[in-house]
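Notes follow once the structure below has been shown.
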Amino acid sequence: MGLVYDSRMRAIVIGSAAGGAFPQWNCGCPNCVAVRAGKEGYLPRTQDSVAITANGDRFALVNASPDVLAQIRATPALWPRAPRHTPIGAVVLTNGDMDHVLGLFSLRESQPLAIYATPAVWRGLEASILLRTLKRFEGQVVFRPIALGEEVALEDAAGAPLGVVMRAFAAPGKLPVHLMGHAAESAEDNVWLSLRDLRDADAKRGSLAYAAACASLEGVDLAGHDAVLFDGTFFREDELVRLGLSKAVAKDMAHLPIESGSLHAKIDARRKIYTHVNNTNPILGPTDERRAVVAAGWEIAFDGMEIEV
Ligand SMILES: [Zn+2]
């Protein structure tokens, strides 16, 4: 295949937009109009997902977005190496939001997969038809429960190691919209991940933090990570209200807004990168808001961005 990688862990951002993608099919906000028109400075983006690998050979997907098939097509590292094959050995779900789980539907085709999720997120999946679709034969889906704070070496469905070590922590969040009123809220509804190469003894050197949905930085210790992928959903608390698109503010959707939240927060990391960016967010265009973000030392994820840690 001619894929030559060094032995460092790396992440490929295969989708960098929040739910709905960019442009969103039913949205005519100024950003979505601009990106459809191909305006300079605007890049289309698919929905949030990251592929993690320690060796370039086997991958774990963090979240499975509704765009997963297009994301795999656009990412040669994720292409099959044999007539029936995938480099993807596991999917880690950080919450049960539709933009993070619907892609599981597309990853069936009788392919064994390990799915890492907290018991709360798993119960949400079991309450839908999703899992039955994925259980055509014994062992097609292997559930590996995430225990908060516990270190786990990721493995594929057959138990082969993927070379990546993960710890998950509760992140201030909320239940998926479709489960509100149908399930009790739990600290396990939404997690952030700390990922590192199995070969690195030092837990924080060469490590990546992923917190794509985070309502607050209180109790979320991202310090010491080499790279932090953080919730860039909204620039302003009342972004959707100002655009006349919704009555909900960022807090209602459990997202910490950039301007009054994360932008000037003290996060001790070599690289800080916003991802899960909503299509209404002004940082998606060549704006003062984007310049402010860059001036504060933040990067903005795009589809295909590679992060070496
Ligand atoms: Zn829009």
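The values are calculated or read from the model by the stated rules, or taken from the named source; none is laboratory data. If you're wondering where the values come from, they're calculated on a predicted model, not measured in any experiment. Cβ placement follows ideal geometry from the backbone for every residue including glycine, while neighbour counts extend to all protein chains displayed.
When you check A215 against the structure, is it within 16 Å of the chain's Cα centre (by Cα) and more than 21 Å from R10 (Cα to Cα), yes or no? Write out each step before concluding.
Values: within 16 Å of the chain's Cα centre (by Cα): yes; more than 21 Å from R10 (Cα to Cα): yes.
Judged against the criteria, A215 is a match.
Quick one: count up the residues across the stretch 237-265 that are assigned to a loop (DSSP other than H, G, I, E, B) and farther than 25 Å from H178 by Cα. Talk me through it step by step, then tell me what you get.
Filtering the stretch 237-265 for residues assigned to a loop (DSSP other than H, G, I, E, B) gives 237-238, 243-249, 254-257, 263-265.
Subsequent filtering for residues that are farther than 25 Å from H178 by Cα retains 263-265.
The total comes to 3.
Does the stretch 134-144 hold any residues that are loosely packed, with under 13 Cβ neighbours inside 10 Å and not charged (D, E, K, R), and which are they?
Across the stretch 134-144, the qualifying residues are F137, G139.
Can you tell me which of A213, A209, A158 is in contact (Cβ under 8 Å) with a residue 12 or more places away in the chain, touching a strand residue (DSSP E or B) at 6+ places or on another chain (Cβ under 6 Å), of a type outside the set (S, T, N, Q) and closer than 26 Å to D57 by Cβ?
A209
Mind counting the residues in the stretch 236-256 that are within 19 Å of A171 (Cβ to Cβ), touching a helix residue (DSSP H, G or I) at 6+ places or on another chain (Cβ under 6 Å) and of a type outside the set (A, V, I, L, M)?
Matching residues across the stretch 236-256 total 1.
For P83, all conditions in the list (1) in a loop (DSSP other than H, G, I, E, B); (2) out of contact with any helix residue (DSSP H, G or I) (no Cβ under 8 Å at 6 or more places or on another chain); (3) closer than 22 Å to A213 by Cα hold save one; what is the number of the exception?
Of (1) in a loop (DSSP other than H, G, I, E, B); (2) out of contact with any helix residue (DSSP H, G or I) (no Cβ under 8 Å at 6 or more places or on another chain); (3) closer than 22 Å to A213 by Cα, only one is false for P83: (3).
Out of all the residues in the stretch 33-46, is one or more on the phi > 0 side of the Ramachandran plot and touching a Lys or Arg at 6+ places or on another chain (Cβ under 7 Å)? Quick ask: steps written out before the conclusion?
First, the residues of the stretch 33-46 that are on the phi > 0 side of the Ramachandran plot: 38, 41.
Next cut, touching a Lys or Arg at 6+ places or on another chain (Cβ under 7 Å) only: none.
So far as the stretch 33-46 goes, no, none of its residues is on the phi > 0 side of the Ramachandran plot and touching a Lys or Arg at 6+ places or on another chain (Cβ under 7 Å).
Of the residues that sit in the stretch 136-154 and are under 18 Å from I88 (Cα atoms) and of a type outside the set (A, V, I, L, M, F, W, C), which one is modelled with the highest pLDDT? So that I can check it myself, show each step before the final result.
Quick first cut of the stretch 136-154, residues under 18 Å from I88 (Cα atoms) only: 139-144, 152-154.
Now drop any that are not of a type outside the set (A, V, I, L, M, F, W, C), which leaves 139-140, 144.
Numbers: G139: 84, Q140: 87, R144: 96.
Ranking the qualifying residues of the stretch 136-154, first place goes to R144.
Suppose we keep only residues that are among the hydroxyl-bearing types (S, T, Y) and within 16 Å of the ligand (Cβ to nearest atom) within the stretch 252-297. Which one would you say is surrounded by the most Cβ atoms within 10 Å (Cβ to Cβ)?
Just the residues of the stretch 252-297 that are among the hydroxyl-bearing types (S, T, Y), to begin with: 260, 262, 274-275, 280, 287.
Adding the requirement that they be within 16 Å of the ligand (Cβ to nearest atom) leaves 280, 287.
Working: T280: 25, T287: 15.
Per the criteria, the residue is T280.
Give G173, G224 a once-over and let me know the one that is part of a loop (DSSP other than H, G, I, E, B), crowded, with 20+ Cβ neighbours inside 10 Å and touching an Asp or Glu at 6+ places or on another chain (Cβ under 7 Å).
Values: G224 fails: crowded, with 20+ Cβ neighbours inside 10 Å.
Going through G173, G224 in turn, the sole match is G173.
Tell me the residue from A70, A51, A34, A64 that is in a helix (DSSP H, G or I) and either in contact with a Cys (Cβ under 8 Å, 6 or more places away or on another chain) or closer than 30 Å to A127 by Cβ (or both), please.
A70
Give the number of residues within the stretch 97-121 that are at positive phi and either in contact with a Lys or Arg (Cβ under 7 Å, 6 or more places away or on another chain) or at pLDDT 95 or above (or both).
Narrowing the stretch 97-121 to residues at positive phi: 109-110.
Subsequent filtering for residues that are either in contact with a Lys or Arg (Cβ under 7 Å, 6 or more places away or on another chain) or at pLDDT 95 or above (or both) retains 110.
So the answer is 1.
Of all residues in the stretch 25-53, which are within 14 Å of the ligand (Cβ to nearest atom) and among the polar types (S, T, N, Q)?
Matches in the stretch 25-53: N26, N31, Q47.
State which residue pairs qualify: first residue in a loop (DSSP other than H, G, I, E, B) and inside the stretch 125-141, second residue of a type in the set (V, I, T) in any location, beta carbons under 8 Å apart, and separation of 6 or more residues or different chains.
L134/V141; K135/V141
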